[in-house]
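> Shown below is the structure under consideration.
The values are calculated or read from the model by the stated rules, or taken from the named source; none is laboratory data. Please read all numbers here as calculations on a predicted model, not as lab measurements. A quick note on method: Cβ atoms are made from the backbone with ideal geometry, for glycine too, and the neighbour counts reach across all protein chains shown.
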Amino acid sequence: MNKVTTSTVREMKKNGEKIVMLTGYDCPMAKMLNDAGIDIILVGDSLGMVKLGFDSTLPVTLDDILYHCKSVRRGNTRAMHVADMPFMSYEVSVDEAIANAGKLIKLGGAEAVKIEGGTEIVGTVTALVNAKIPVMGHIGLTPQAINTLGGYRVQGKNAMAAQKLVDAAVALETAGIFALVLECVPEALAAEISQRLAIPVIGIGAGVGCDGQVLVTDDMLGLFAEFKPKFVKRYAELRPLILGALKQYTAEVKSKAFPGDENTYK
Ligand code: KIV
C-alpha cells in the first residue's frame with residue numbers, strides 16, 4: 001500500500017485515474033478511510049458544522065483544526081492528509097499564514113494545507129509553497145466567504161463569473177498549488193477548468209468531468225441531517241441506525257433487560 005503524496009495525485013491525473021477524497025475528523029474514521037482506499041483525507045473546516053454544531057465554518061479556529069489533525073494523524077497511514085486553513089488564519093499577513101500552516105504540518109501531522117480563495121491569495125500561496133508547504137486551492141463556492149457571497153449558491157453561472165474562476169484557477173496553478181477543489185460550479189465549466197490545468201481538480205458539486213471527487217463524510221454517511229445539498233449522495237443512512245440503537249439501549253436499561261447474564265461478571 002503506497003503512501004499517497006503530491007506526486008501520486010499528479011500521476012493519477014496523468015493516467016486518467018480518478019482521485020477519491022473525503023473529509024475525516026478523527027482517528028477511528030481515518031482508519032476506516034484508509035481501509036476503504038480513500039486517496040486524500042481532508043480535515044475540513046466543515047467540522048465546525050458537522051462536529052461542533054456551528055451554523056457556518058466561520059467560527060472554526062486553528063486550534064480546532066489542529067486538534068482534529070492530530071487525531072486523524074494517529075489513524076492514517078496511506079492517504080494524503082490535508083488540513084483546511086480556517087477563516088482568518090491566513091488573511092491577516094503572509095507571515096501569519098506561514099506560521100499557522102507550519103503548525104498544522106509540524107504539530108498536526110498534516111502533509112498539505114487547503115486555502116479558500118482566488119487571485120487575491122496568490123501571494124500567500126507562493127509564500128507557503130516557498131516555505132515547502134504543499135497547498136491545495138479551493139475556488140467556486142467558498143463557504144468562508146458566505147457573508148460576501150450572500151448564500152450557498154452555484155458559482156460561475158454567467159460568462160464573467162466563469163472567466164473569473166478560470167483566471168483564478170490558472171493563477172493559483174502558476175503560484176504552485178498541487179491540486180484544486182472546485183465547489184458548486186456548472187459541470188461544463190468544471191470540465192473546462194479540469195482540462196485546462198495540469199494539476200488535479202477535485203470537484204464537489206462540480207460534475208463528473210473533474211479529476212476527482214470530494215464529499216463531507218458525515219453528509220454521505222447520513223450522519224449530518226440538518227440539510228442535504230443536491231450534490232450530496234447518501235451512501236448510508238447512519239443517523240436512523242444509531243438513533244434506533246440508542247433508543248433500544250434506553251428501553252433495555254429502563255426495563256432491566258440490559259445488562260443480561262452474558263454482560264455480567266459472576
Ligand atoms: O471543509 C470542507 O469539508 C471542505 C470540503 C467540502 C471540500 O472544504
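> List pairs: first in the stretch 96-123 and assigned by TED's automatic domain parsing to the domain that holds Ile146, second at pLDDT 95 or above and charged (D, E, K, R), Cβ under 6 Å, 6+ apart or cross-chain?
Gly108/Lys70; Gly109/Arg73; Lys114/Asp84
> Those residues that are more than 16 Å from the ligand (Cβ to nearest atom) and either under 28 Å from Met29 (Cα atoms) or β-branched (Val, Ile, Thr) (or both), I need them from the stretch 101-124; list them, please.
Scanning the stretch 101-124 gives Gly102, Lys103, Ile105, Lys106, Leu107, Gly109, Glu111, Thr119, Val122, Thr124.
> Here's something else I'd like to know. Among the residues that make up the stretch 37-56, is at least one of them out of contact with any Cys (no Cβ under 6 Å at 6 or more places or on another chain) and more than 16 Å from the ligand (Cβ to nearest atom)?
Checked against the condition, which is being out of contact with any Cys (no Cβ under 6 Å at 6 or more places or on another chain) and more than 16 Å from the ligand (Cβ to nearest atom), the stretch 37-56 yields at least one hit.
> Report whether or not Glu173 is free of Cβ contacts under 8 Å to residues at least 12 places away in the same chain, assigned by TED's automatic domain parsing to the domain that holds Lys14 and out of contact with any His (no Cβ under 9 Å at 6 or more places or on another chain).
No; evaluated as a whole, the condition is false for this residue.
> Right, here's the next one. Restricting attention to the stretch 22-78, report how many residues are of a type in the set (Val, Ile, Thr) and within 17 Å of Val4 (Cα to Cα).
Total satisfying the criteria: 7.
> Does Met29 qualify as being under 20 Å from Phe178 (Cα atoms) and modelled with pLDDT of 95 or more?
So Met29 does not fit the description; no.
> Could you list, in sequence order, the residues of the stretch 217-233 that are within 17 Å of the chain's Cα centre (by Cα) and not hydrophobic (A, V, I, L, M, F, W, C)?
Across the stretch 217-233, the qualifying residues are Thr217, Asp218, Asp219, Gly222, Lys228, Pro229, Lys233.
> Which numbered condition in (1) touching a helix residue (DSSP H, G or I) at 6+ places or on another chain (Cβ under 9 Å); (2) farther than 26 Å from Ile38 by Cα is the only one that Glu192 fails?
(2)
> Now for a separate question. Looking at Thr61, Thr77, Thr5, which is the one that is among the polar types (S, T, N, Q) and within 15 Å of the ligand (Cβ to nearest atom)?
It is Thr61.
> Within the group Ala162, Ala198, which residue is out of contact with any Cys (no Cβ under 8 Å at 6 or more places or on another chain), among the aliphatic types (A, V, I, L, M), crowded, with 18+ Cβ neighbours inside 10 Å and modelled with pLDDT of 95 or more?
Exactly one of Ala162, Ala198 is out of contact with any Cys (no Cβ under 8 Å at 6 or more places or on another chain), among the aliphatic types (A, V, I, L, M), crowded, with 18+ Cβ neighbours inside 10 Å and modelled with pLDDT of 95 or more, namely Ala162.
> State which residue is modelled with the lowest pLDDT when the search covers only the stretch 228-266 and only residues that are charged (D, E, K, R) and in a loop (DSSP other than H, G, I, E, B).
Lys228
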